[in-house]
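Scroll down for the structure; my scribbles are underneath it.
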Amino acid sequence: MRILIVEDEVVIARRLERLTREILGKQLSWLKRVGNLQAGLAQLDTRPIDLLLLDLNLNGRDGFDLLERLVARSFHTVVVSAHTERAIRAFEYGVLDFIPKPFDRKRLAQALARFRDAASRSDYGARYLGLAKQGKVELIAIEEVRYAKGAGPYAELVLESGRSELHGKSLDGLMMILPPCFERIHKSYIVNMDHVRCIRNRPGSRYELELANRVVLPVGRTRARYIREKLQGG
Amino acid sequence: MKPVSLVFLWLAISAPRLGATDLIKVESLFYRLGDHPAWAASPMSDPAWKPMQGFDPALAGAVFWVVGEVDLPERSGLQRPLSLEIIATASYELWWDGRLIGRSGQVGQDRVSEKPGPLDNAFLVPDDLAGLGRHRLAMRLSSFHKSKKAAGYLFHIDLKPMALPTRAMDFHSTQRLPFLGIIFLVGLFYLLVFAVDDRRTDTLLFALLCLSVAAMIVAESWRDLFGYAYHKHALRLQSVLALTAMTCFLLVVFLASRFFPGEKLRWLLLALVGLAAGFAASRTFDGRAMAMMFGTLVLALLLLARAVLYGKPGSRLALAGISLVFGLMVWKRYGFMDRYFFMAFGLLLLGLTIAQALELRARSRARREAMLTAARLEIELLKKNIQPHFLLNTLTSLIEWLEEAPATGVRLLHALADELRLLGQISNRQEISMEQELALCRSHLAVMGYRRDCRFSLETKGVDPAQTVPPALFHTLVENGVSHHGGAADHRLRLEMESLPTGRRFTFTAPTLEASPALAEGTGLRYIKARLRERYPGRWTFRHGPIPGAWQTIIEIKAA
């Protein structure tokens, strides 16, 4: 695991590093601390990471402009902040977890565990996803996403408008931050259940979902029962 | 004339008058120095009788006689009974067709033996002597008590129906009386307001202005209301003139104090110059009064025009009022002083009263807001203790220190306790000593030093520990300075104070790696400016900006 810590309070940054090393041990392959935004962004451009630990209130500035950009990236972000009133908004931007200050080892471990568990979902789903385009980030509302299809290390988002866009995260990564209305129906598909019309039986005990716009998506065998139950129940 | 009867007479005036304009001015009169009873009937053709034009000063030194003839033509307007209204600065005996019909005072041979009579008199002409045709009027006069001043000679005789209101009772004399009551009450009210609530100069001056106008009305009306012996006429004229001068002066000074409080002295001197010029411009009482009024009203108009240009609230209302008075004065001239002055001034004062009431309301609202502001500021100061960014970050640091190097953690804990305690002590004060403020700043730097694991220091130059400043003023700058420090190599913050001829200047410098626009809108700045506004209203300046390697803030406070 490669982790970057962006925190301007030196002693707190040291704490994050110390506890992270204690918790992850050998699983941690790379960790770096930077004290300001510029250094953080520079670092993100030079080297890929898996997880970002970020303080929202860097040097008196509001980290949300940064969060907007990070929402499009491949790595997950965990916010560590004294401003708990910003937690919900941070989740809307697709952060994986929000750790209030002061924090102890147990709380940090909880966030790191969430990161390592592919099946984990965030407390509040993202409301926006970011699309990186020529150095700028376009934010799209989550309701617009009909489904996502695996595309190597990335995910292809298919939107209501018919548009198709690439997102920096993999399907696994996306699942961890999407709201409950999204389900992993197949190894290669995540669907927005709000856009589903019905589930259909196919010969050979296979299932498929029909979306509102007539697009049909396959349902993985292992997930079929769960999806069916979810459709009937909700 | 007793004031009680005024009410009835005032009502009587509003009734339609009969032949109101019919009145005979007895103007062809002759005088002769000396004293012979026979002159009551002596023919006027005698060359010893000289024509009387006005009142010759020589007549003040001896007993003399005045005779004249009055023709009563066939005129239905002259309703009997008739009365002779005589205004004279002398004591006299009055004969009509040879019969003694009245006296004023007691004629004497010298100052001691003469008893001065009233200036204004009215004598009933006996009905049997009031027929058509020619009648003979004679007077025996002495005027030893008349003042030596050139002005103040009066001699008029009118023959008119008794039903006609006297000069004292006509509209122009009585219409000013209700204004007396109103203006006096307004003046008294604002005097009380000044004493009890709004201790500002312009309120006091307005009260004095109203009382001065009220006093003018009393002085002007004294003759009509109470009458006086003829020798006091000059005194009354002088009082009216003095009160006119005072009223004009107070008007200008009040307007200056209300609209240009910083320039009171200048306008005061201009008013005095205007009055002096007016006084010198004429030799007569009326002329001087007019000239002084003219001069000061022009001054008032200029002052108000300037106030309107500056957009001062209430100035337009005042300008309208003064223009009205000025316009009336220019239109009516001498008639203005007698007749329209008090009505015009009454309306003007009404306008100014409204403006003053509005001003008082605005002031009391400002006072309320200031109190609210003080309460808000105290809350903001206390909140500094518990801002999440400060407290929670410090506690997180504290936990780390306690787990890794407990001794340092304990030191951080004490530094934090110091800062919290100091903030608590000063929160409800409007000002604290520089010594306390610096202690507060340094406790914050100690806490931040532990948080950032470095050493911050505050260097001072020229700072007097005993001088006072609003609480947490520099603490806020220190907070901002540290939070935007950004890891610069220099950890020394500097505060320098210089005494200027106009006051004092504080220069605060905080080293920083980046001079970013965020520094220009720190949340603490609102607190700093609110404190400056509360403590030094209208005499502070706040500037800040980047200098190489640092952010500099300059606060200047002018002496009161």
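The values are calculated or read from the model by the stated rules, or taken from the named source; none is laboratory data. What you see is a predicted model, and the numbers here were worked out from it, not measured in a lab. Every residue, glycine among them, receives a Cβ derived from its backbone with ideal geometry; neighbour counts consider all protein chains shown.
Of all the numbered requirements in (1) loosely packed, with under 15 Cβ neighbours inside 10 Å; (2) free of Cβ contacts under 8 Å to residues at least 60 places away in the same chain; (3) of a type outside the set (Val, Ile, Thr); (4) within 14 Å of chain B (Cβ to nearest Cβ), residue A:45 misses one, and that requirement is (4). Residues that are aliphatic (A, V, I, L, M) and more than 14 Å from every other protein chain (Cβ to nearest Cβ) within the range B:376-390 comprise B:377, B:379, B:381, B:382, listed in sequence order. When residue A:104 is tested against (1) within 14 Å of chain B (Cβ to nearest Cβ); (2) touching a residue at least 12 places away in the same chain (Cβ under 8 Å), just one condition goes unmet, and that condition is (2). Of all residues in the range B:433-457, those being in a strand (DSSP E or B) and within 11 Å of another protein chain (Cβ to nearest Cβ) number 0. Under the condition of being crowded, with 18+ Cβ neighbours inside 10 Å and either more than 19 Å from residue A:74 (Cβ to Cβ) or free of Cβ contacts under 8 Å to residues at least 40 places away in the same chain (or both), the residues counted in the range A:128-141 number 1. Which of the residues belonging to the range B:351-377 are touching a residue at least 40 places away in the same chain (Cβ under 8 Å) and under 30 Å from residue B:217 (Cα atoms)? Within the range B:351-377, B:352, B:353, B:355, B:356, B:358, B:359, B:360 meet the criteria. One residue alone among B:460, B:476, B:502, B:468 is among the polar types (S, T, N, Q), loosely packed, with under 14 Cβ neighbours inside 10 Å and either more than 11 Å from chain A (Cβ to nearest Cβ) or without any contact (Cβ under 8 Å) to a residue 60 or more places away in the chain (or both), and that residue is B:502. In the set A:158, A:95, only one residue is surrounded by 15 or more Cβ atoms within 10 Å (Cβ to Cβ), among the hydrophobic types (A, V, I, L, M, F, W, C) and not in a strand (DSSP E or B); that residue is A:95. Just one of the numbered conditions (1) over 26 Å from residue A:141 (Cα atoms); (2) within 14 Å of chain B (Cβ to nearest Cβ) is not true of residue A:29; which one? If we test residue A:29 against (1) over 26 Å from residue A:141 (Cα atoms); (2) within 14 Å of chain B (Cβ to nearest Cβ), just (2) comes out false. May I ask you to list the residues in the range A:31-50 that are of a type in the set (A, V, I, L, M, F, W, C) and modelled with pLDDT under 95? Matches in the range A:31-50: A:34, A:37, A:39, A:41, A:42, A:44, A:49.
Taking the range A:162-175 on its own, how many of its residues are surrounded by fewer than 20 Cβ atoms within 10 Å (Cβ to Cβ) and either hydrophobic (A, V, I, L, M, F, W, C) or part of a strand (DSSP E or B) (or both)? Count: 3.
Taken over the range B:378-407, residues that are surrounded by fewer than 17 Cβ atoms within 10 Å (Cβ to Cβ), of a type in the set (S, T, N, Q) and either touching a strand residue (DSSP E or B) at 6+ places or on another chain (Cβ under 6 Å) or touching a residue at least 12 places away in the same chain (Cβ under 8 Å) (or both) amount to 1.
Here's the yes/no breakdown for (1) assigned to a loop (DSSP other than H, G, I, E, B); (2) modelled with pLDDT under 80; (3) surrounded by fewer than 17 Cβ atoms within 10 Å (Cβ to Cβ):
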{"residue": "B:77", "(1), (2), (3)": "yes, yes, yes"}
{"residue": "B:87", "(1), (2), (3)": "no, no, no"}
{"residue": "B:93", "(1), (2), (3)": "no, no, no"}
{"residue": "B:111", "(1), (2), (3)": "yes, no, yes"}
{"residue": "B:172", "(1), (2), (3)": "no, yes, yes"}
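Just checking, which of B:254, B:285 is in contact with a Leu (Cβ under 6 Å, 6 or more places away or on another chain), closer than 24 Å to residue B:346 by Cα, at pLDDT 85 or above and crowded, with 17+ Cβ neighbours inside 10 Å? Talk me through it step by step, then tell me what you get.
Numbers: B:285 fails: at pLDDT 85 or above.
Only one candidate passes the filter, namely B:254.
Considering each of B:262, B:287 in turn, give the residue that is within 20 Å of the chain's Cα centre (by Cα) and either assigned to a helix (DSSP H, G or I) or hydrophobic (A, V, I, L, M, F, W, C) (or both). Walk me through how you get there before you give the answer.
On the way: B:287 fails: within 20 Å of the chain's Cα centre (by Cα).
Selected residue: B:262, the only one of B:262, B:287 that is within 20 Å of the chain's Cα centre (by Cα) and either assigned to a helix (DSSP H, G or I) or hydrophobic (A, V, I, L, M, F, W, C) (or both).
Within the option set A:55, A:65, being within 14 Å of another protein chain (Cβ to nearest Cβ), crowded, with 22+ Cβ neighbours inside 10 Å and at negative phi holds for one residue only, A:55.
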